[in-house]
Structure formats: C-alpha cells, structure tokens
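My questions will all concern the structure given below.
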Amino acid sequence: MSAEARARIDSHRLLKEDDVAVHDARIDSIREELNKQKSGEKKRWKKRTFVHMFVFALSFILSTGILVLGTLLFVRPDSPMSQLFMVAIFSVTFIASFSGLRVFILHSMLNDYPSEEEDPGMNHHMPKSIAYGFVGLVLAVVLIGFIVNVASANIL
C-alpha cells in the first residue's frame, strides 16, 4: 500500500516540475504584453499631443486672421463695443474650430477608439473637445498678449 500511495503522490499535478516552467513562461509572456501596452500608450499619447498642437496652431491662425481682418474693417477707435464684439467672434471661432477639428481628426480620421465597445460616443467627445477649446482659448489669449508685448517693445 505504501508503494501505491507514493505513486499517487508523485503523479499528483501539483508536484510536477513542468508546471513551474509553464508559470515562468506565462509571467514572461504577461510581462511582454504589458511592455507592448506601455509602448502603445506612449505612441498614442505622442500622436494625441501632436494632433492637439496641430489643431491649436490651425485654430489660432484662423481665429487671429479673422480678428485682424475684423479689426481692420469694423473697429473704430472710439467704439469699445465693436472691439468686444470682435473679441467675442475670435473666441467663438477659436472654440468652434478647435473642437470641430479635434473631433474630426481624433475620432473620424485617426479612429482613436477602434473598438466600438470602448468608444464613449459623440455625447462624450464634443463636450470634452469644447472644454479643451476653452483651455486652448486661454492659452491663445496669453500668446496674443505675449506677441503684442514683443511687437510693442520692438516699436519703441
């Protein structure tokens, strides 16, 4: 009986040596998958950063052009309301172009969410893009202030 018991114990699945190698291989494969996911996330963030910088630059150029053209055509020196009106048009143009381009490029052209189950939908993307547009607007106003300061310093 002792020999039979010993044979059963030795043949038990938990005492086999091969399982340790399988676990090591599984840990290595999981580590490789995690490294691939991290490198994929880095590429995704680089792509998104480039898209945001491109969209900001394009929206800034478009909005600044509209602001300069409107100021030259419509603003009178003694009319502060026309200046406020042009600033409002600049703001609306910037936010609309930024949010529209962001949604179009990230979620239509580049298809940032290839799996439809993961995509939260346009009810999520548009408000998020508009919020990013407001943040970009603050940055654009600061950039315009900096450009005006530099330009006025060179004149004197």
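How would you order 131-140, 81-90 from highest to lowest mean count of nearby Cβ atoms within 10 Å? Intermediate results must be reported in sequence, preceding the final value.
On the way: 131-140: 16.4, 81-90: 14.5.
Ranking, from highest mean packing down: 131-140, 81-90.
Work out, step by step, the length gained on full extension between Val142 and Lys47: first 0.36 nm times the residue separation, then minus their alpha carbon distance; give nm to one decimal.
Numbers: separation 95, 0.36 × 95 = 34.20 nm, distance 2.50 nm.
Result: 31.7 nm gained on full extension.
Report the calculated FRET efficiency for Ser39 and Glu116 (r = Cβ-Cβ distance, R0 = 25 Å), to the nearest 0.05.
Taking R0 as 25 Å, the efficiency between Ser39 and Glu116 is 0.55.
Helix-only mean residue ellipticity at 222 nm, the chain, DSSP H runs n ≥ 4 weighted -39,500 (n - 2.57), per residue, nearest 500. What is it?
Calculated at 222 nm, the ellipticity per residue is -29000 deg cm²/dmol.
Also: Under the √(5λ) rule applied to the eigenvalues of the Cα gyration tensor, what semi-axes describe the equivalent ellipsoid of the range 2-155? Give them in Å, descending.
Result for the range 2-155: semi-axes of 62, 17, 11 Å.
Just give me a number: lysine pairs in the chain, eight or more positions apart or cross-chain, with C-alpha atoms less than 20 Å apart.
Eligible lysine pairs with Cα atoms under 20 Å apart amount to 6.
Which is farthest toward the positive dipole end of the chain among Leu34, Ser63, Pro80, measuring Cα position about the Cα centre, with Cβ charges +1 (Lys, Arg) and -1 (Asp, Glu)?
The listed residue farthest towards the positive side: Pro80.
Shifting gears a bit: For a protection proxy built on the mean count of beta-carbon atoms within 10 angstrom, sort 94-102, 58-66 highest first, please.
Details: 94-102: 21.3, 58-66: 17.2.
Ranking the peptides 94-102, 58-66 by packing returns 94-102, 58-66.
Any idea what the dipole of the range 2-155 comes to, in debye rounded to 20, about its Cα centre with Lys/Arg Cβ at +1 and Asp/Glu Cβ at -1?
Approximately 500 debye in magnitude.
Let me ask something else. Over the chain, what relative contact order in percent results from Cα pairs under 8 Å that are six or more residues apart? Don't jump to the answer; show the numbers that get you there.
Details: 64 pairs, mean separation 31.0, N = 156.
The normalised contact order for the chain reaches 20 percent.
Here, each number is a calculation from the coordinates, and none is a lab measurement. This one's a predicted model, so the numbers in the text were calculated from it and none came from an experiment. Every residue, glycine among them, receives a Cβ derived from its backbone with ideal geometry; neighbour counts consider all protein chains shown.
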